[in-house]
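Some notes on the structure that comes next.
Rule-based calculations on the coordinates, nothing more; no lab input. Owing to the predicted nature of the structure, the values given are computational and were not obtained by experimental measurement. Cβ atoms come from the backbone with ideal geometry, glycine included; neighbour counts cover every protein chain shown.
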Amino acid sequence: MGNYSDFETDFVQRTLALIDQYNEMIEVLGKPFREQYNYTLTLNCLPGLIVLPKERALSFLPADRLTRQLKAEMGLHESQLPGPEMNLRELIHKMRNSVAHFCVR
């Protein structure tokens, strides 16, 4: 596992790497869908991807408006996210509350 040199950044990067490792393992082992735990992994990783950055690095989260262009730059071409009336920092805050209080569907 190793030590963290920059906890916030390293933790997020390692969480993303964990998801990649899982996806590679599923592919290599040829696991059928019923034996995959994608949603469980996602729910377990969300605190590291949403809660930690909001709590420990809020000032680094951009306050850019959620325009169509920004969503496209993030790879969200078919998004149901709010529009430009909300900014990215507000969205992360709302997502953090949902994850932290387990208000997910």
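Things to note:
- Remark: segment 1-53 carries a charge dipole of roughly 220 debye about the Cα centre, counting +1 on each Lys and Arg Cβ and -1 on each Asp and Glu Cβ.
- The relative contact order of the chain, computed from alpha carbon pairs under 8 Å that lie at least 6 residues apart in sequence, is 26 percent.
- Exposure proxy ranking for 52, 29, based on other Cβ atoms within 10 angstrom of each Cβ and starting from the fewest, stands as 29, 52.
- Label-zone membership for segment 71-94, site residue 20, 7 angstrom Cα→C-beta point, backbone N under 20 Å: 74-76
- Here's the picture: charge each Lys and Arg Cβ at +1 and each Asp and Glu Cβ at -1 in the chain, and of 84, 70, 57 the one pushed furthest to the positive end of that dipole is 84.
- Remark: relative contact order (segment 61-105) = 43 percent; criterion is Cα-Cα distance under 8 angstrom and separation of 6 or more residues.
- Summing Cβ point charges (Lys, Arg +1; Asp, Glu -1) relative to the Cα centre of the chain gives a dipole of roughly 380 debye.
- Amide H partners (placed H, <5 Å) of residue 86, local residues excluded: 66
- Estimated distance in nm for a label pair at residue 13 and residue 86, the labels positioned 7 Å out from Cα along Cα-to-Cβ: 3.0
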